[in-house]
């Protein structure tokens, strides 16, 4: 997922999707109120929905906030595919904060 896509992703709670909510059960409404929906690009360019718990969203937001402070080079993607020794060192610095 691109960093810019994550940051600019619309808040679907604020979009006033009353028609959508009317089609949900009570359990689904409770889940939709506390989860955040983002979409990632999957195989063959298809968009895949991902539901984030509040704790997960908070972790990603914190990660984005401190990217530069812990030495992560500017990149277009939220998470890198390959893990290298330097990325583990960055993770340790992030955990220290």
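Quick check on my filter: what residues within segment 1-31 are more than 16 Å from residue 78 (Cα to Cα), at pLDDT 80 or above and either in contact with a helix residue (DSSP H, G or I) (Cβ under 8 Å, 6 or more places away or on another chain) or part of a loop (DSSP other than H, G, I, E, B) (or both)?
Scanning segment 1-31 gives 23, 24, 25, 29.
Report, by residue number, each residue of segment 32-73 that is touching a strand residue (DSSP E or B) at 6+ places or on another chain (Cβ under 8 Å), more than 18 Å from residue 2 (Cβ to Cβ) and in a helix (DSSP H, G or I).
Hit for segment 32-73 is 54, nothing else.
The values are calculated or read from the model by the stated rules, or taken from the named source; none is laboratory data. Values in this document were obtained by computation on a predicted structure and should not be read as measured data. A quick note on method: Cβ atoms are made from the backbone with ideal geometry, for glycine too, and the neighbour counts reach across all protein chains shown.
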